[in-house]
Amino acid sequence: MVLSEDILKIKYRKEAFDIFEIEKGTLLTPSAKQFLNEKGIRLVIKDEEAPVSTKQNEFGEETEEKIIYEKPKYVGKNGECYFEKPEYMTVVDGNVLISKNSKLISLRGKIDTFLAELLLNAKEIEQSSNNKLIKDIETVIKFIQNIIVAEKLDKILENQILLDSKTIKDIKEIIDNPKEYFKKGHLLEVSLNSDLTIHKLNRLRFLARELEIQAIDYFVEDYKVNRKDLLEAFNVLSDVIYIIILKYDNGDYR
């Protein structure tokens, strides 16, 4: 008999278990073994007694004792088991561990850093009582938070609304034709003469570009592209901030 991952998943969905018993001679597919490792499930062969160890008691008599295997607390991405979490690793899903210098952790750290910068700038701008500008920035904050949830829960990111009811498609249209939306068109230069708020927003814009590169480094490997929805979101992020800059420069927030 061959036991597949699909069969295990069906049984696990019906009722979760920590121990799974199989008939002697049952073969497990590699993906089935990985599933058991990731869930920390102990495999037991039916009618096969647990191994025993022999030791002497205080009277010199030999006694047998069944060996009880301790269930590991964590598993690695490659199926390895850990009884304690190493300092150089972190939990990414349930009890699954991954190295802190992995591309995934680097991307998540970059997202968190960008969100922290965005919140800090929003807090400073909030003191100016520019409610229109704050409202637009709040949509960007929500956008980042939605990206975080979509990535961690492996959900598709869709139907995102930014700025004043703009879709991602709308954002791209504005970037391609700014002259149709703003009398000055593109902002050709940010200089020492530019408003401090524009400098802050401009910094966020380029941090967003760095974030996009980090996302590409993680989701694109050997021309194989994963999570096109998130790549599109990271790509449009700097455009959204640029539009906020254009609106500010155009006087739309007065």
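The values are calculated or read from the model by the stated rules, or taken from the named source; none is laboratory data. Owing to the predicted nature of the structure, the values given are computational and were not obtained by experimental measurement. Here the Cβ is made from the backbone with ideal geometry for all residues, glycine too, and neighbour counts use every protein chain on show. Just the protein is used for accessible areas: all its heavy atoms, side chains included, with ligands, DNA and RNA removed. Shrake-Rupley method; radii C 1.70, N 1.55, O 1.52, S 1.80 Å.
Remarks
- Tally, over segment 232-254, of residues that are open to solvent by 20 Å² or more (accessible area, probe 1.4 Å) and part of a helix (DSSP H, G or I): 6
- The lone criterion from (1) surrounded by fewer than 15 Cβ atoms within 10 Å (Cβ to Cβ); (2) under 11 Å from Phe114 (Cβ atoms); (3) free of Cβ contacts under 8 Å to residues at least 40 places away in the same chain left unmet by Glu221 is number (2).
- Unique residue being modelled with pLDDT under 95 and either in contact with a Leu (Cβ under 9 Å, 6 or more places away or on another chain) or of a type in the set (D, E, K, R) (or both) when the list is Phe114, Phe182, Phe143: Phe182
- Subset of segment 108-131 (residues that are under 13 Å from Leu207 (Cα atoms) and of a type in the set (A, V, I, L, M)): Ile111, Leu115, Ala116, Leu118
- Residue check, Lys123 under 17 Å from Asp229 (Cβ atoms) and open to solvent by 80 Å² or more (accessible area, probe 1.4 Å): no
- Residues that are open to solvent by 100 Å² or more (accessible area, probe 1.4 Å), under 15 Å from Leu231 (Cα atoms) and in contact (Cβ under 8 Å) with a residue 24 or more places away in the chain, drawn from segment 153-190: Ile156, Glu158
- Per-region count, segment 197-252, residues of a type in the set (S, T, N, Q) and touching a strand residue (DSSP E or B) at 6+ places or on another chain (Cβ under 9 Å): 1
- Close Cβ contacts (under 7 Å, 6 or more residues apart or on different chains) running from residues in segment 95-112 that are open to solvent by 50 Å² or more (accessible area, probe 1.4 Å) to residues that are not in a helix (DSSP H, G or I) comprise Lys100/Tyr88; Lys100/Met89; Lys100/Thr90.
- Residue check, Phe206 in contact with a helix residue (DSSP H, G or I) (Cβ under 9 Å, 6 or more places away or on another chain), open to solvent by less than 50 Å² (accessible area, probe 1.4 Å), among the aromatic types (Phe, Trp, Tyr) and assigned to a helix (DSSP H, G or I): no
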